[in-house]
Amino acid sequence: MSKRNWVHYIAIGGFLIACQCLSPIAIVQAQVEPQAKSRHQGAAQIETEPTESWNRISPDLLLHFLRRIADALETEAVKDDSPDKTQREKDDLSAQQEMANSALWMVFAAFLQVFVGGFGIIYIRKTLLQNEAAVKAAIKSSDAIVSAERARFFVIIENITTEGYLKGIRMNDHPTSPHPPGKVRFRFKFKNYGKTPGTPIEIMAGISISKEPPEPVFDSIETDQIGRTLGPDEESATFIIEKEDAFPTPADGRAALNGETYIWIYGRVIYSDIFGNAGSPSQPQLRFYRRILVRKGGHDFIHQHYDYKHYNQST
């Protein structure tokens, strides 16, 4: 029901109720006024009937109007179940279904976005790996160029000798023969086979006698070759390393002759070149580790490169 209809019905109802309440008062006034006039004027009593306009509004008429108001209200209530309401409900249901469908599409779009994002991540990772591989290849190429151009020191073993000690042991097999302790001496130098100059920083070497490969114990060599730059294909001076008590007794010498023990020589030369890296793990080093076999005669030796803990690998 519209607001305007409500106002009309309330006004009519109020008017009817007011009329019903004022009707008895009008009737009494109509009966009293003639009697008062007859006393003062001495006129004959005049019987006056209530005004017809007031008596026309009867309870039946009021009830009739109230019923019309009730009918109007009921009609408005019935209108709420009219086809318009049904259509609105259908429209609401259709809107809700569209919202549900839209939500499903939004979920599908979200999954699609995640799927596309996953492919994007895989592509980015693949691109990064390719870039990393390219960078590594460039670094290797640069290292190869540097390696080909930088200084390279290699050792040259000139000779090794026991100064006839083992030969003398071989010729005199009597175990009680007196012999002084035997010593071992070897001479070495190094050469720059690289394409750029190199400068020795530290030179070390050592000798051991044992059956198993020993842990290197170096003697540092004090020489004027340290700090002297060697150009390409240039050689250093010769260095001499000795071990005075290599064979304390003849039995130790016989063990070397029989192959029960070996002579071990080793050394290290730390140097620098024009590419720097001084003091770093990548600083170039010359390292050598050799096992020396004594021939039966005691006057000849066989040099064997021995890869002890990869110590024989120079950098």
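Can you tell me which of 252-259, 101-108, 205-212, 224-231 comes out highest on packing, and rank the rest after it, using the mean Cβ neighbours within 10 Å? Walk me through the intermediate numbers first.
Numbers: 252-259: 17.8, 101-108: 10.0, 205-212: 16.0, 224-231: 13.8.
Put in order of decreasing packing, that is 252-259, 205-212, 224-231, 101-108.
Going highest first, how would you order 110-122, 191-203 by mean Cβ packing within 10 Å? Present the calculation step by step, with values, prior to reporting the outcome.
Values: 110-122: 9.8, 191-203: 18.3.
Descending mean neighbour count gives 191-203, 110-122.
Measuring from label point to label point, each 7 Å out along Cα→Cβ, what is the Phe218 to Asp233 span in nm?
Between Phe218 and Asp233, the label points sit 3.0 nm apart.
With labels modelled as points extended 7 Å from the Cα through the Cβ direction, what inter-label distance (nm, one decimal) is found for Ile201 paired with Tyr306?
Result for the modelled spin labels: 2.8 nm.
Under a point spin-label approximation (7 Å from Cα along Cα-to-Cβ), what is the Asp92-Leu293 distance to one decimal in nm?
Here the answer is 10.5 nm between the modelled labels.
Since every read-out is calculated from the coordinates, none of them should be taken as a lab result. Everything numeric in this text was worked out from a predicted model, so none of it was measured. With ideal geometry, Cβ positions are generated from the backbone for all residues, glycine too; neighbour counts draw on all protein chains shown.
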